[in-house]
Structure formats: structure tokens, C-alpha cells
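Since the structure comes first, as C-alpha cells, the remarks are kept for the end.
The values are calculated or read from the model by the stated rules, or taken from the named source; none is laboratory data. Keep in mind that what you see is a predicted model, and the values were worked out from it rather than measured. Cβ placement follows ideal geometry from the backbone for every residue including glycine, while neighbour counts extend to all protein chains displayed.
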Amino acid sequence: MERKSAAFTVFIYACAALLAVVILAPIAWLFVMSISPAADLAAKPLRWWPQAADFSRYQQLLSTAENSAGAAFTASLRNSLEVAGMATVAALLLAIPAGWAVSRTPSIGWSLSMVIATYMLPPVALAVPLYMGLSYLGLLNNVFGLAVVYLTILAPFTTWLMKSGFDAIPREIEAAAMIDGAGLFQTLRIITLPLAAPVVATSALFAVLLAWDEFFYALLFTSDQRAKTLTVAIADLAGGRVSDYGLIATAGVLAALPPVLIGLVMQRALISGLTSGGVKG
Amino acid sequence: MSGTWMTTRAWLLMLPLLMVMVAVIGWPLVDTVGLSFTDAKLVGTAGNFVGIDNYTKMLSSSNFSRTLVTTTWFAVASVAIEMVIGVLAALLLNQEFRGRTFLRALMILPWALPTVVNATLWRLIYNPEYGALNGALTQLHLIDAYRSWLGEPGTALAALIIADCWKNFPLVALIALAALQAVPRDITAASLVDGAGPFARFRFVILPYLAGPLMVALVLRTIEAFKVFDIIWVMTRGGPANSTRTLSILVYQEAFSFQRAGSGASLALIVTLLVTVLALAYAALVKKTAGSAT
């Protein structure tokens, strides 16, 4: 085994502490800003910890009183949930049959490769026709229209994840069920899908994270509270004339909370999902 | 069951996905190509055919060449820093020490933080009047007066690169860590017996295991960095004095701010072509690395 000197151990712990600080400091500061009184944030020298924690901004943003900052924020929160939900369900409905088909019939795999290759396309290469198309269909500034556009990002990714998931389920199990007289769809419903449930869940979470994070299309295709998503609402706050930086920070904390919780709870599945692409190529 | 029926059935199951992909990706892409040969505006008339005018105009403009340099600089610098820090962090996390599991869980945080929230957070940190960076540096007596990190052309791009690296190096670290854990223990032990120093060990024993996964991470990160829009739009909108304007920002301005759909489309396709060439070059490299590593 490796020989470990005391100096090496000290060095390892020092590096670990440095890494922890690098990761945590910006996130901690976002939270501190959200609970610091405005005067503390404007103080020189800067006050790093509030004299009295002030959670009123959370209340302010989550209130639904007419024409308040809260009304705009909660509307965008609802829009983000709706768009992410619709796009994720639609992506899975497309991805599960397609992923299974490619997994069991490798000869059509090239069609999935083509779908995945669209990842290289910058969204700006599709944006103008999508804008004109949505405008023609009356779906600009509409959560449904935005969810359809999000399929450009979500569907290839979830199909690829589902395909790797089905690859791990031996086809002999399906064959056995079919010999026992089960039809194809019965086999898939009773045997394959329950076995694939963890992969479906992982794909769904990835899809939700991607949709929650999306900014470019939402910026282009939404214009007011009826469809603006959280990312656009936060960019508005950050770029606007808001004098209270704590309020921007609070919006950031609230928007980050769902994906960060998903990330922490699903660590293991997320890491294996991320690295399966990296390791297998 | 016959092979042709299996194949037909597979195509039927692929069909919904392929139809949607044609509608939301295939058709828009073809339409972009068509638009790029016209002088169409974003709203109103369909525009007239102008041949390759848009392309020659865009490629010869000084805006394009300057933006290409900015984009390349952003992509190369941020990806290089992310790879180096990511691998170092992975080597650290592969050691045994107390709190390792906790530290590994922390790595998820920057990755899970939405890009726009990350950009907003760093924009607040760099704030010229109240920002934490100014506060910290003055309190440590490293600078005398508050500076406008995102407001000066000399520092804005570097400030953006730091913000981008902070969010993305943990992903590289997690991918590298997974690869490191696949290195068999007896091989590293054998290299110790053979008297390999830490650097020789890294170069000849560990790196071959890392090369494949790291190449994939490198490809994906480079493509994303080349397409970058969100973080720059939220932090600087391409300013000050266009010093942080990347290709995607330029396309956005051309097609949506100035409503010139035709020339915007030609620019978007030039970007697409650049990314494709980059990806193909990398793909060849990945194949080579994968071949030599095993």
C-alpha cells in the first residue's frame, strides 16, 4: 500500500479545505445576501454576516398580491413548473419506445445517432424559423409552445439515456415472457418497463433539470407573466433597476433550490448518468 | 419472428420521435438555410433572394472576426482551466480522507445551480459598488478602490471565464473521478514497487485510464463553450464595448435586436459549421485516444 507521511496527510486536508471553500463560498454568499438587510449589503467595509437575519424577502417573493414583485415571481415559478412538466412527459413518451427500439434493433441505431448529433447545433441556428413558426401558430408567449420547443433539447438526451437503460436489461427476459404467450405490449408493460423504472426516473429528473435551466428560447419566445419562466424573470431582475440586491439573491436561492435538492438526493444516479456517457463514449 | 418485421416494428416505435425531431429541428434548420440566402426581416415580408451576399458580408465584417477571437479565447481558456482544476480535484477526491463523501456531494452544487442563477450570483459578486469581490479585496488591502470588474474591457472576459469555470469544473471532476476509480489497485501498487515517482505514475499508469473519458468531457465542454450565450447575456450582454461578445450573442443581435433574419441566419449557419468541424476533428481524436489507451 501507499506510504503516507504526515506532511502528505496535512497537504491532502489543506487541499480538501480549499476545495470546500471554493465551492461553498459563492453559494453561502448568495444565501447571506438574501437574508441581509439592504443597509448591510451596501456597507463599506462590507458586512459579511447580517446583524439580524431578515427573511422578509422570501415572504415578499412568494406572496401573490396583485402587481407585486411576488406576483411576477410566482407566475414565473408556475410557468417554469408547467413547461418543465409538459416537456418532460412529452420527451419520455417519445424516448421510451424509441430507446427500446434502438436497444433491441441495433440496425436502426444510426437514426438515433443522427438525432443525438443535433446536440452540436447551436440554438441560434433554429431560433429564427422557430420564432416565425410559433408566431404563425399563435404560440409565442405560450407555455405549451415553449414546451414543444424544449423537445429539441430534452428528447435526444432522454432517448439516449433510455437506450442505455434498456441495453442493461437482458432481452432473454422479454423472450421468456413472449414464449409464455405474452404479446409485445404486454411484455413491455409487465416485464420491461418495471425493470426500467429507475432509468425512467433518472431520465425524467435530467429532463426537468434541463428544462428548468433553459434560458435562450425562453428569452426569445416569452414576453410577459403568461409564459415567462424563472430564468427569464431572474435575468430581468439582475439586469433591471432593482435597488435591493438581496431581492435578486433571494430569487436566485428560490430558483436554485429545486435543482440543487434533486442533485443532492439523486447524486448516485446523476453521477452514473453523467459518467456513463463519459466512460463508455 | 422474421428480421424484416422486427426492423419495421422498430421503425414504427422510432417514428413519433423522428417526426417531432423533423418538425422542431429538421424543418427549422432547412428553413434557416433558405433564409440565409435572402434579405428577410424577422417580421413582415419574406425577403428577396440575394445569393451569398449575407455570407460574404458577414465573413468580411470586422465584427465577425473580433467575435470569433473572443469566442475562441473564452472557449479555450475556460475549458483548459476546467480540465486542469477538474482533474486535480478528482485526484484529491480519489485519496482517502475524512469528509471525502461530503466533499464529493458538494461538487454537485455548482453543477446543479441553474446557469442563470450562477451568472446572477457572480454578477452580484463583481458588483462595482457593493460586490463581495471588491469588499474582500479592499479589506485584505489588495486593492485601494472598488473596481468595475464587468464594466472594464480589460477584466470583463476574465471575470466571465472565472464564473463559467466555477460552475463547470465539478462536472469534469466527477467524470475524472469515476474514471480514476476504474484504475485497478494492483496496477498502481505494482508501479510503486517498480519505483515509479508520482509524476511517472500519473503519466504512465493513471492517465491512460483517464484519457478516454476526459476526451469526451473535453469535446462536450468545448462545443458548449463555443455556443455560449446564457452566462454572457446575463452578466454583460456582450459589453463593455463588445469585449465579451461571443458568436451566439452576435447572431442574437443580428437576427432579433436588428431583426435582420436573413443575415442572422447566415451567421448562425457559419457558427454551426465551425462547431461541426470542431466536433468532427475531436471525434477523430477521441477514436485515436481510445485506440491507444487500451
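Some observations on this one:
- Candidates B:Val24, B:Val50: the one that is at the interface with chain A (Cβ under 9 Å from one of its Cβ atoms) and either closer than 20 Å to A:Leu126 by Cβ or of a type in the set (A, V, I, L, M) (or both) is B:Val24.
- Test for A:Ala175: is it under 29 Å from the mean Cα position of the chain (by Cα), of a type in the set (Gly, Ala, Ser) and assigned to a helix (DSSP H, G or I): no
- Residue check, A:Ala117 in contact (Cβ under 8 Å) with a residue 40 or more places away in the chain and surrounded by fewer than 22 Cβ atoms within 10 Å (Cβ to Cβ): no
- For A:Leu112: the one exception among (1) free of Cβ contacts under 8 Å to residues at least 60 places away in the same chain; (2) surrounded by fewer than 20 Cβ atoms within 10 Å (Cβ to Cβ): (2)
- Of all residues in region A:230-276, those being of a type in the set (D, E, K, R), touching a helix residue (DSSP H, G or I) at 6+ places or on another chain (Cβ under 9 Å) and in a helix (DSSP H, G or I) number 1.
- B:Leu157 meets each of the listed conditions (1) in contact (Cβ under 8 Å) with a residue 60 or more places away in the chain; (2) touching a Pro at 6+ places or on another chain (Cβ under 9 Å) apart from (2).
- Any hit, region A:141-158, residues being modelled with pLDDT under 95, closer than 28 Å to B:Arg221 by Cα, within 19 Å of the chain's Cα centre (by Cα) and surrounded by fewer than 21 Cβ atoms within 10 Å (Cβ to Cβ): yes
- Just so you know, in region B:40-57 the residues that are of a type outside the set (D, E, K, R), out of contact with any Leu (no Cβ under 9 Å at 6 or more places or on another chain) and surrounded by 15 or more Cβ atoms within 10 Å (Cβ to Cβ) include one that is nearest to B:Leu160 (Cα to Cα), and it is B:Leu42.
- One residue alone among A:Ala227, A:Ala207, A:Ala201 is surrounded by fewer than 21 Cβ atoms within 10 Å (Cβ to Cβ) and either assigned to a helix (DSSP H, G or I) or not charged (D, E, K, R) (or both), and that residue is A:Ala201.
- Failed item in (1) over 26 Å from B:Trp233 (Cβ atoms); (2) within 13 Å of chain A (Cβ to nearest Cβ); (3) of a type outside the set (D, E, K, R), with B:Thr71 passing the rest: (1)
- Residue in region A:11-19 that is surrounded by fewer than 16 Cβ atoms within 10 Å (Cβ to Cβ), part of a loop (DSSP other than H, G, I, E, B) and more than 21 Å from the chain's Cα centre (by Cα) present: no
- Test: residue in region B:250-265 that is surrounded by fewer than 23 Cβ atoms within 10 Å (Cβ to Cβ), assigned to a helix (DSSP H, G or I) and facing chain A (nearest Cβ under 9 Å): yes
- Evaluation of B:Ser60 against (1) among the polar types (S, T, N, Q); (2) crowded, with 19+ Cβ neighbours inside 10 Å; (3) over 11 Å from B:Ser266 (Cβ atoms) (one fails), failing number: (2)
- Within the set A:Ala249, A:Ala197, the sole residue that is within 21 Å of the chain's Cα centre (by Cα) and within 14 Å of chain B (Cβ to nearest Cβ) turns out to be A:Ala249.
- Residue among B:Thr244, B:Thr276, B:Thr272 that alone is away from chain A (no Cβ under 11 Å) and either under 23 Å from the mean Cα position of the chain (by Cα) or closer than 30 Å to A:Ser113 by Cβ (or both): B:Thr244
- Here B:Gly26 meets the list (1) small (Gly, Ala, Ser); (2) surrounded by fewer than 19 Cβ atoms within 10 Å (Cβ to Cβ); (3) in contact with a Cys (Cβ under 6 Å, 6 or more places away or on another chain) almost entirely, failing just condition (3).
- Residue tally, condition of a type in the set (Gly, Ala, Ser) and surrounded by fewer than 22 Cβ atoms within 10 Å (Cβ to Cβ), over region B:87-131: 2
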